[in-house]
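First comes the structure, then the notes that go with it.
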Amino acid sequence: MSATLIDGKAFAATVREKVATHVARLKDEHGLTPGLAVVIVGDDPASHVYVRSKGKATVEAGMKSVEHRLDADTSEEALLTLVEQLNTDPSIHGILVQLPLPGHLNEDLVINAIDPAKDVDGFHISNVGLLGTGQKSMVPCTPLGCLMMLRDHHGSLSGLDAVVIGRSNIVGKPMAQLLLGDSCTVTIAHSRTKDLPEVVRRADIVVAAVGRPEMVPGDWIKPGATVIDVGINRIDAPEKGEGKTRLVGDCHFESCAEVAGAITPVPGGVGPMTIACLLANTVTACCRANSLAEPEGLTA
Ligand code: GUN
């Protein structure tokens, strides 16, 4: 391997430390405790694991954590009533409704019912519009984490060719907007892109967010490029024993690491940054709600 490893776990620890320091200052100087409410509907095991770790990290940063666990058959009306309660609760600065929601609930309707100022996921249509027009907004956590790592590694991103593979609302599209905001030349590639290998070979920065295990091989990567692998895919690992599995990204790590200048591993790359940025967004939302200065280096 010749690439520099971008250690997301270590970077996330520094972000969480900055958050905790700012939280302590808000308490000492202003008597404020940032509060994050997470709402989960139904019993998807993976979602419950995520929500538990979000709650734990929130408390560890010194913030208030509230979890609302609702039955899978909760009505849209009941969910909207809860969102409205949280919108008006002054002790809550951030609201996250865990996705996906059960099929009978309209995700767009629920997300757009959240007060945009408390939308720490950055999914509300107002925040999407603000980000797209270069205005101050809440920024989706995973792309924000990727941007922080890229800025840390490169300093300025100005003029670099960036290719984002994947056009999801949660990662691909906001990632492209953030890179454009930092003056990259941005291409969003997806499943219908013609000659994807050639498109990726032009990139100084590759952000892979497609959810297809090891889809990007090393020979698609321009020598020296930076590879940010957002994918977290569980695959069979018979070499570890019968029934064993392992996590891999959307990039084939070994071959990409031979060619790239820098690369994020899976696990331990982008993943830990997502929760760190959720905490950062909660502090930012609390500061904005109280017209206080925002923490340095924790926003886009
Ligand atoms: N489900 C998977 N990722 C996310 C996320 O970032 N936010 C929310 N609300 N739900 C998710």
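The values are calculated or read from the model by the stated rules, or taken from the named source; none is laboratory data. Note that the structure is a prediction, hence the values are computed from the model and not measured. Neighbour counts run over all protein chains shown; Cβ positions are idealised from the backbone, glycine included. Accessible surface is based on the protein model in full, side chains and every heavy atom, while ligands, DNA and RNA are left aside. Shrake-Rupley method; radii C 1.70, N 1.55, O 1.52, S 1.80 Å.
Could you sort out which of 18/118; 9/194; 9/173; 9/244; 136/222; 18/194 sit more than 31 Å apart by Cα distance in this structure?
Numbers: 18/118 20 Å; 9/194 35 Å; 9/173 24 Å; 9/244 24 Å; 136/222 33 Å; 18/194 43 Å.
Long pairs (Cα-Cα over 31 Å): 9/194; 136/222; 18/194.
Given a Förster distance of 51 angstrom, what is the FRET efficiency for residue 195 paired with residue 244, based on the Cβ-Cβ distance and rounded to 0.05?
Details: r = 36 Å, r/R0 = 0.71.
E(calc), rounded to 0.05, equals 0.90.
Kindly point out which whole DSSP H helices in the chain project their C-alpha atoms 15 angstrom or further along the helix axis while averaging a Kyte-Doolittle hydropathy of 0.0 or above. Please list the in-between numbers first.
Values: long enough: 8-30 (32 Å, -0.49); 45-60 (23 Å, -0.53); 76-88 (18 Å, 0.18); 141-154 (20 Å, 0.22); 270-289 (28 Å, 1.25).
Those that pass (Cα extent of 15 Å or more, hydropathy at least 0.0) are 76-88, 141-154, 270-289.
How far is it, in nm, from the label point at residue 158 to the one at residue 234 when both lie 7 Å from their Cα along the line to the Cβ?
Modelled inter-label distance: 4.6 nm.
Please work out the FRET efficiency for the pair residue 99 and residue 151, using the Cβ-Cβ distance as r and a Förster radius of 30 Å; give the result to the nearest 0.05.
Efficiency computed from Cβ-Cβ geometry: 0.65.
Once a ≥ b ≥ c are taken as the square roots of the eigenvalues of the Cα gyration tensor of the range 198-300, is the result rounded (a/c under 1.5), prolate (a/b larger than b/c) or oblate (a/b not larger than b/c)?
Because a/c hits 1.5 or more and a/b fails to exceed b/c, the range 198-300 counts as oblate.
Among 143, 70, 87, whose Cα lies farthest out toward the positive end of the dipole of the range 70-167, if unit charges sit on the beta carbon of Lys, Arg (+1) and Asp, Glu (-1)?
The Cα lying farthest towards the positive end belongs to 143.
Taking the alpha carbon gyration tensor of the range 46-113, what are the square roots of 5 times its eigenvalues, largest first, to the nearest whole Å? Before the final figure, lay out each step's value.
On the way: eigenvalues 91, 49, 17 Å².
Computed over the range 46-113, the values are 21, 16, 9 Å.
With both bridge residues required to lie in the chain, what share of the DSSP beta bridges run antiparallel, to the nearest 5%?
Among the beta bridges of the chain, antiparallel pairing accounts for roughly 10 percent.
Indicate the gyration tensor shape class of the range 1-127 (rounded, prolate or oblate), computed on the Cα atoms with a ≥ b ≥ c the square roots of the eigenvalues: a/c under 1.5 is rounded; otherwise a/b larger than b/c is prolate and the rest oblate.
It is oblate, given that a/c is not under 1.5 and a/b is not larger than b/c.
Identify all aspartates and glutamates with a Cα-Cα distance to residue 56 below 16 Å; exclude those on the same chain that are fewer than 8 residues away in sequence.
Candidates past the 8-residue exclusion: 17, 67.
Which value results when the Cα radius of gyration for the chain is divided by 2.2 N^0.38 Å? It would help to have the intermediate numbers written out before the result.
Numbers: Rg = 19.3 Å, N = 300, 2.2 N^0.38 = 19.2 Å.
Cα Rg divided by the expected 2.2 N^0.38 Å: 1.01.
Could you tally the net charge around residue 153, taking each other residue with its Cβ under 13 Å from the Cβ of residue 153, Lys/Arg +1 and Asp/Glu -1?
With Lys, Arg at +1 and Asp, Glu at -1, the neighbours total -3.
Regarding the range 82-230, what's the average projected area of the Cα-atom convex hull, expressed in nm²?
One quarter of the hull surface, i.e. the mean projection, equals 10.2 nm².
How far apart, in nanometres, would the label points at residue 202 and residue 136 be if each is projected 7 angstrom from Cα along the Cα-to-Cβ direction?
3.6 nm
If I compute solvent accessible area with a 1.4 Å probe over the protein chains, what percent of it on the range 49-185 is carbon and sulfur?
In the range 49-185, the share of accessible area belonging to carbon and sulfur is 53 percent.
From the helices alone, meaning DSSP H stretches of at least four residues, give me the mean residue ellipticity at 222 nm for the chain, per-run term -39500 (n - 2.57), in deg cm²/dmol to the nearest 500.
Using -39500 (n - 2.57) per qualifying helix, the result is -12500 deg cm²/dmol.
In square angstrom, what is the accessible area per residue of the chain with a 1.4 angstrom probe?
Per residue, the chain has an accessible area of 46 Å².
For residue 32, what charge total do you get from the other residues with a beta carbon under 15 Å from its beta carbon, if Lys and Arg give +1 and Asp and Glu give -1?
Around residue 32, the charge tally is +1.
Starting from the Cα-Cα distance between residue 67 and residue 292, subtract it from 0.36 nm times their residue separation and give me the gain in nm to one decimal. Present the calculation step by step, with values, prior to reporting the outcome.
Numbers: separation 225, 0.36 × 225 = 81.00 nm, distance 2.63 nm.
The span from residue 67 to residue 292 would gain 78.4 nm if fully extended.
Does the range 229-280 come out rounded, prolate or oblate, given a ≥ b ≥ c as the square roots of the eigenvalues of its C-alpha gyration tensor, rounded meaning a/c under 1.5 and, failing that, prolate meaning a/b above b/c?
Oblate shape, in that a/c is at least 1.5 and b/c is the bigger or equal ratio.
Give me the net charge for the shell around residue 109: Cβ to Cβ below 12 angstrom, other residues only, Lys and Arg +1, Asp and Glu -1.
Value of the local net charge: -4.
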